[in-house]
1. For the range 159-168, indicate whether the set of residues that are touching a residue at least 12 places away in the same chain (Cβ under 8 Å) and either within 30 Å of K26 (Cβ to Cβ) or surrounded by fewer than 13 Cβ atoms within 10 Å (Cβ to Cβ) (or both) is non-empty.
2. Is it the case that the range 509-528 has a residue that's in contact with a Leu (Cβ under 8 Å, 6 or more places away or on another chain), assigned to a helix (DSSP H, G or I) and either of a type in the set (D, E, K, R) or touching a residue at least 24 places away in the same chain (Cβ under 8 Å) (or both)?
3. Is it true that V72 is surrounded by 15 or more Cβ atoms within 10 Å (Cβ to Cβ), within 29 Å of G469 (Cα to Cα), among the β-branched types (V, I, T) and under 24 Å from the mean Cα position of the chain (by Cα)?
4. Would you be able to tell me the number of residues in the range 83-107 that are among the hydroxyl-bearing types (S, T, Y) and loosely packed, with under 10 Cβ neighbours inside 10 Å?
5. Exactly one condition in (1) in contact with a strand residue (DSSP E or B) (Cβ under 8 Å, 6 or more places away or on another chain); (2) touching a residue at least 40 places away in the same chain (Cβ under 8 Å) is false for F536; which is it?
6. Return yes when L287 is touching an Asp or Glu at 6+ places or on another chain (Cβ under 9 Å) and at pLDDT below 85 and no when it is not.
7. Identify the single condition in (1) buried (at least 24 other Cβ atoms within 10 Å of the Cβ); (2) assigned to a loop (DSSP other than H, G, I, E, B) that F243 does not satisfy, given that it satisfies every other one.
8. Just a yes or no: is a residue in the range 387-400 farther than 22 Å from H500 by Cβ, part of a helix (DSSP H, G or I), touching a Lys or Arg at 6+ places or on another chain (Cβ under 6 Å) and touching a residue at least 40 places away in the same chain (Cβ under 8 Å)?
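The values are calculated or read from the model by the stated rules, or taken from the named source; none is laboratory data. Since this is a predicted model, take the numbers as computed values, not measurements. Every residue, glycine as well, gets a Cβ built from its backbone with ideal geometry; the counts of neighbours run over all protein chains shown.
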Amino acid sequence: MFLNKNKKKESRVQKDMSIWSDILGKTIKEKLINIIALGFSLFHIYTGYFQLQAMDQRIIHLMFGYCLIFLVYSFNGKKDLKNIHTADVVFSIIYVGISIYFLFTWITRAQMVGLPIPTIDYILGIIILVLTLEGARRSIGLILPIMTILVILFGVFGEVMPGIFMHKNYPFLRIVSNMVLKTEGLYGMLTGISATYVFLLVLFGVVYNRSGAGRFFLDFAMSFVGHLRGGIAKVAIVASALFGMISGSGVANTAAVGNITIGAMKEKKYDSNFAAAVVAAAGSGGLIMPPIMGSAVFIMMSVTGVPYLTIMLRSFPIAILFYIAIFIMVDFRSMKMGLTGGSKETLDNSWVVFKRGWNYLIPPLVLVILLALHFHIIRAVFWSLISIPFSAMLKKETRMSPKDLVQSLSGGAVSALTVVAILSVASIVVGLVNFTGLGVMVSTILIRLSGGNLFLLLILTMIASIILGMGVPPVGAYIVLSILVVPALTQMGVWTFAAHMFVFYFSVLAEITPPVAPNAYVASGIANSNFLKTAFISMKISFPVIIMPYVFVYNNALLMNGNLLQIISILLFALVATYVTSCALERFYFTRINLLLSVILIAGSIMILIPDYKFIILGFLFIGTLTLFQKFKQKKKSEYGESILIAEEKPSEE
């Protein structure tokens with residue numbers, strides 16, 4: 001009897017251990033990472049309501065973040081959840097130890113204004129600066145850490161810099177003091193943004209997707225557009241738009257949607273390069289799709305002073321135009337290939353899908369409603385995050401298990417590590433740029449290079465945004481350019497918000513711009529396509545909206561800044577321009593068209609977006625004349641029984 005009780009007890013313990021092993025992982029390192037990550041998420045959920053002092057919040061945030069970075073990312077920059085390396089553990093312990101020391105001494109140090117800083121503080125400051133750069137190198141690559149080192153050298157050796165860049169030398173220890181031991185650098189504004197609402201919003205996206213919302217959006221997209229011409233490709237576009245609203249990550253968007261849709265697109269005879277390109281281009285739009293916008297919305301909010309809800313509303317038309325352009329390009333390609341959609345009889349009704357997952361709409365609605373009611377952004381994100389498991393409980397089939405909840409919390413923390421690294425290192429760069437005056441110097445040089453011509457300055461800005469975006473995640477590229485380039489644009493009379501959106505928009509497009517193009521890389525891996533062809537086709541698909549940032553710089557009404565007539569007219573003109581440009585790129589406007597007619601259509605599209613009535617009239621004359629000419633050709637072809645479609649033996653011939 002006694003033995004039986006012991007056996008039952010042992011069996012129960014083993015079962016409990018098995019459950020926790022299933023939740024936290026099988027290896028010791030996986031368990032350690034998931035426990036720390038779970039603590040990281042719970043800390044932020046707690047401080048989302050019971051807020052700490054700003055410096056305490058930032059120090060603890062980076063302590064958790066870099067402790068995990070050294071455990072998750074190995075020396076070669078790849079994730080390693082199995083092997084424990086002594087150096088990684090030592091780096092984690094050192095970072096935690098120094099952070100705890102700073103946590104208990106920063107108030108004393110703040111009270112020592114004008115007094116010598118203890119030598120130990122300098123030593124620990126240098127160590128944590130080096131470890132921060134090493135952790136960033138592992139998690140986000142070399143570009144931002146190298147940029148930080150270069151700006152430090154710029155500050156130390158200012159007197160040997162050429163021309164306008166010359167300035168007085170700053171002692172290295174003074175730079176360490178300002179960048180680490182005060183709130184201008186490592187523990188500055190951008191780290192504060194990361195430590196408050198950005199982490200919570202990343203966590204919101206991961207938990208929301210784990211609850212089943214991502215699958216619901218895909219099902220809804222399938223029911224909504226799956227029956228249209230080229231249905232599965234359009235499902236990929238609509239699903240990317242919906243999924244992008246919660247993921248805020250172009251690569252995550254591409255991977256999630258691509259894994260489900262690319263194979264189905266290839267089965268429908270889409271070429272693998274084109275299938276991958278559609279998903280890659282649509283995936284990049286997730287970063288400009290409200291409400292999350294890849295966390296850039298929070299940096300923009302802090303820098304420009306524009307409220308979060310206002311940024312979302314102003315960004316929405318641009319995001320919609322982006323997806324409309326891709327949708328039209330896919331529609332023409334499908335028509336030329338003679339592809340049809342799925343049968344309505346085989347697809348679920350949209351209303352049925354909606355009824356099956358209507359509760360998934362509650363969390364984002366909570367976020368938007370609370371923001372509209374002027375709740376603080378941190379509280380709004382906190383309550384929207386808390387609402388996820390409770391809204392999932394409203395329907396039996398959507399309820400989250402304890403395992404789902406724990407794994408989504410730990411997974412959310414790990415997903416946020418790259419954001420932690422980007423914003424903490426960018427915080428140092430911003431501090432150094434302001435400290436050395438580099439931002440003013442760069443702005444002056446850009447204005448000189450452009451010769452005071454705004455259009456040329458915009459082209460230089462576009463090139464800089466795309467080049468930097470190739471090596472740095474879009475949010476990181478946006479942060480750097482917002483302090484180096486945006487001041488030059490505003491000095492030339494560009495509206496501040498439009499200048500920030502211009503830089504961010506082109507930083508996002510770097511995700512599909514070769515030679516790096518991470519979205520195209522992920523999509524081509526899923527499709528087994530040629531990477532470079534995929535990237536170039538992605539760029540072609542996105543071309544109709546590349547002109548939009550230039551438009552909203554010259555005509556702010558496209559960003560909902562103007563009277564009602566101005567806003568409605570530019571939105572309608574932008575829709576016409578997007579449609580016509582897409583036709584021109586696919587060389588099909590009612591019937592096939594040659595290169596000259598394509599150029600005329602693109603020229604007309606650009607003209608109707610210029611805020612000058614003479615150009616608008618001329619643009620519509622071009623488009624209207626070609627419309628009548630092409631309609632006449634279409635009628636003639638119909639009378640003679642000729643096909644208006646372009647026969648393509650190789651659909652992806654790009």
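1. Narrowing the range 159-168 to residues touching a residue at least 12 places away in the same chain (Cβ under 8 Å): 164-165, 167.
With either within 30 Å of K26 (Cβ to Cβ) or surrounded by fewer than 13 Cβ atoms within 10 Å (Cβ to Cβ) (or both) added as a condition, the list becomes 164.
Yes: the range 159-168 contains one or more residues that are touching a residue at least 12 places away in the same chain (Cβ under 8 Å) and either within 30 Å of K26 (Cβ to Cβ) or surrounded by fewer than 13 Cβ atoms within 10 Å (Cβ to Cβ) (or both).
2. Looking for residues that are in contact with a Leu (Cβ under 8 Å, 6 or more places away or on another chain), assigned to a helix (DSSP H, G or I) and either of a type in the set (D, E, K, R) or touching a residue at least 24 places away in the same chain (Cβ under 8 Å) (or both), one finds at least one in the range 509-528, hence yes.
3. Numbers: surrounded by 15 or more Cβ atoms within 10 Å (Cβ to Cβ): yes; within 29 Å of G469 (Cα to Cα): yes; among the β-branched types (V, I, T): yes; under 24 Å from the mean Cα position of the chain (by Cα): yes.
Yes; evaluated as a whole, the condition is true for this residue.
4. First pass over the range 83-107, keeping only residues among the hydroxyl-bearing types (S, T, Y): 86, 92, 95, 99, 101, 105.
Going one step further and asking which of them are loosely packed, with under 10 Cβ neighbours inside 10 Å, we end up with 86.
Of the residues in that region, 1 qualify.
5. (1)
6. Values: touching an Asp or Glu at 6+ places or on another chain (Cβ under 9 Å): yes; at pLDDT below 85: yes.
Yes; evaluated as a whole, the condition is true for this residue.
7. (2)
8. Step one: of the range 387-400, the residues farther than 22 Å from H500 by Cβ are 387-400.
Filter again for part of a helix (DSSP H, G or I), leaving 387-392, 396-398.
If we keep only those that are touching a Lys or Arg at 6+ places or on another chain (Cβ under 6 Å) too, we end up with 392.
Of the ones still in play, those that are also touching a residue at least 40 places away in the same chain (Cβ under 8 Å) are 392.
Yes, because at least one residue in the range 387-400 is farther than 22 Å from H500 by Cβ, part of a helix (DSSP H, G or I), touching a Lys or Arg at 6+ places or on another chain (Cβ under 6 Å) and touching a residue at least 40 places away in the same chain (Cβ under 8 Å).
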